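Notes to accompany the following structure.
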Amino acid sequence: MRSHYCGSLNETLIDQTVTICGWVHRRRDHGGVIFLDLRDRDGIAQVVFDPDTEEHFELADSVRNEFVIQVTGRVRARPEGTENAEMVTGKIEVLGKELVILNKAETPPFQLDDHQTVGEDVRLKYRYVDLRRPEMLSKLRLRSRITNKIRNYLDDNGFLDIETPILTRATPEGARDYLVPSRTHEGSFFALPQSPQLFKQLLMVSGMDRYYQIAKCFRDEDLRADRQPEFTQIDIETSFLDEEQIMGLTEGMIRELFQDVLRVDLGDFPQMPYSEAMEKYGSDKPDLRIPLELVDVKDLMATVDFKVFAGPAKDPKGRVTALKVPGGATLTRKQIDEYTKFVGIYGAKGLAWIKVNELAKGVEGLQSPIVKFLGADVSLALMERVEAKDGDIVFFGADSGKVVTEALGALRCKLGEDLDLYTCEWAPLWVVDFPMFEENSDGSLTALHHPFTAPSCSADELKADPEAALSRAYDMVLNGCELGGGSVRIHDQAMQETVFEVLQISAEEQQEKFGFLLDALKFGAPPHGGLAFGLDRLVMLMTGANSIREVIAFPKTQSAACVMTAAPGEVSATQLRELNIRIRKTP
């Protein structure tokens, strides 16, 4: 039906006859000449109809925005002075000779060139219209290009693209499963996979050696800007490589991707231990574009009479930390109050601060309601510890280690954004040496990543002091966002059983949930490891989008619903009977 895409027309086609199809982006009537901007996925071309083609001129006069039309005409240079430098096709236009209306359209629910004023709920309800916007088309085209580059890289490095099951069984991966009732197995349920983790490990046992998959994954969890109930994962697993080799291979993939797609050289990725990331940045995914660091001042606060600081300072599980903001003394009291309210989200009971007006005057040059409680010696020692200068502000957090770390870590990122403190555009790194386990509120342990991650120590050392054990895990971080995480896996049955034992998973539960994996480990499992990248999050960062919903064709809302299809929805009583399910309403 067409000879060219609209966006592919250029000066090389002048005087040639072309046929283009698409949607009417805009119609203008200028003194008896009708201009139609015709849009398809590749771009926009200007079509001109004059009264000489009477039948088609009248037809062009009847079209409206979003009509689907076919135009045949001659490409010509635009008259001098009418070129549009903002359009790829801005130097040419098509003199229309024939026009066919392929389909009419009602007035769209919003203007495609004025989407900023439209609520996201409306855009998602009419997503098929929203996706026509050049901005959205560009993001999805870039997403396709990114997945193509990734596939080519992995193919060239000997990886096999292998699909794993979507209907599987529930596994403990840190979030709730989406359950699927089985009609043929009464009372039993499948689960949609949170990741292909166990299957890709079994592929390594099978001798596939190098596997990858662009995999759909599902997690029934609370949503945020960078999370969806169904998401896409670049899943990778390989045998006979250690963590340094796996990190090198996948780092090469991301560096090559950024170079090819964005013309950005990310350089070598530094490595940072988890303990350092939490101590200095308050996060296991630190944004290194922000030149602010948390400084431990627990020892200085242990001697003061001010219980707000002395209590956590004397508590083995407490933390007292300072965060210096260069030039931050210009912050108003209202702004400081807003930051105090912000850290309250993370459990902080307040936010102490000291403004450095004139350090040469000693304690007299400091402005703060807390200086009188700290005393001159401690106050000045604090300024020396954080290397404060005139015009700075120093914030303090004092509470349990968890609260202070999360609160000041989040405050650090917010200050970086609010005050535009970024020192570079891209800041990648690897976070390594994660703890094997983290402690629950009841004192029990849970796997920090997942229970199939290999520890850095022996089984006996793991049993003797599980809380001190580190794992062979690694996370790739970019601009404070976790791009992907992985680890070397446990390939020895005895070690896997030891980890289950530390997690208080009984032998019976081990067999019930993971018997197939434990059986597989008996039959010559090779050393193996892998990594999974969040494709949606990667595309979000590369396109500069604010949410992964902007780079997914048909995303869910914050409440995990599809307003376009009205999903989830009710099903018929007949379907429920076939599944042996009865709905019980919550009173």
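The values are calculated or read from the model by the stated rules, or taken from the named source; none is laboratory data. As the structure is a prediction and not an experimental result, all values here were calculated from the model. Note: ideal-geometry Cβ built from the backbone for every residue, glycine included; neighbour counts use all protein chains shown.
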Suppose we filter the range 270-292 for residues that are part of a helix (DSSP H, G or I) and over 21 Å from the mean Cα position of the chain (by Cα); how many remain? 4
Kindly indicate the residue of the range 260-269 that is assigned to a loop (DSSP other than H, G, I, E, B) and among the acidic types (Asp, Glu) and also modelled with the highest pLDDT among those meeting that condition. ASP265
Those residues of the range 42-95 which are without any contact (Cβ under 8 Å) to a residue 60 or more places away in the chain, closer than 29 Å to LEU131 by Cα and among the basic types (Lys, Arg) amount to ARG64
Residue within the range 534-543 that is outside any loop (DSSP other than H, G, I, E, B) and touching a Phe, Trp or Tyr at 6+ places or on another chain (Cβ under 6 Å) present: yes
Within the range 351-368, of all residues that are more than 26 Å from ALA407 (Cβ to Cβ) and hydrophobic (A, V, I, L, M, F, W, C), the one nearest to the chain's Cα centre (by Cα) is LEU359
Which condition number does ILE336 fail, the rest of (1) outside any helix (DSSP H, G or I); (2) in contact (Cβ under 8 Å) with a residue 12 or more places away in the chain; (3) not assigned by TED's automatic domain parsing to the domain that holds ASN148 being met? (1)
When you look at ARG64, is it of a type in the set (Lys, Arg) and surrounded by 15 or more Cβ atoms within 10 Å (Cβ to Cβ), yes or no? no
Let me confirm something: among VAL295, VAL304, VAL308, VAL343, which residue is outside any loop (DSSP other than H, G, I, E, B), modelled with pLDDT under 95 and not assigned by TED's automatic domain parsing to the domain that holds LEU478? VAL308
Boolean, ASP177 is closer than 27 Å to GLU509 by Cα, among the acidic types (Asp, Glu) and at pLDDT 90 or above: yes
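Yes/no per residue for (1) over 26 Å from GLU439 (Cβ atoms); (2) in a strand (DSSP E or B); (3) in contact with a strand residue (DSSP E or B) (Cβ under 7 Å, 6 or more places away or on another chain); (4) touching a residue at least 24 places away in the same chain (Cβ under 8 Å):
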site: ASP475; (1), (2), (3), (4): no, yes, yes, yes
site: VAL499; (1), (2), (3), (4): no, no, no, yes
site: GLU509; (1), (2), (3), (4): no, no, no, no
site: PHE523; (1), (2), (3), (4): yes, no, no, yes
VAL48, sole failed condition from (1) at pLDDT below 95; (2) not in a helix (DSSP H, G or I): (1)
Go through the residues of the range 352-368 one by one and say whether even a single one is outside any helix (DSSP H, G or I), of a type in the set (D, E, K, R) and at pLDDT 95 or above. yes
What do you reckon, is ILE505 closer than 30 Å to PRO286 by Cα and not acidic (Asp, Glu)? no
Subset of the range 545-563 (residues that are modelled with pLDDT under 95, part of a loop (DSSP other than H, G, I, E, B), of a type in the set (A, V, I, L, M) and touching a helix residue (DSSP H, G or I) at 6+ places or on another chain (Cβ under 7 Å)): ALA545, VAL563
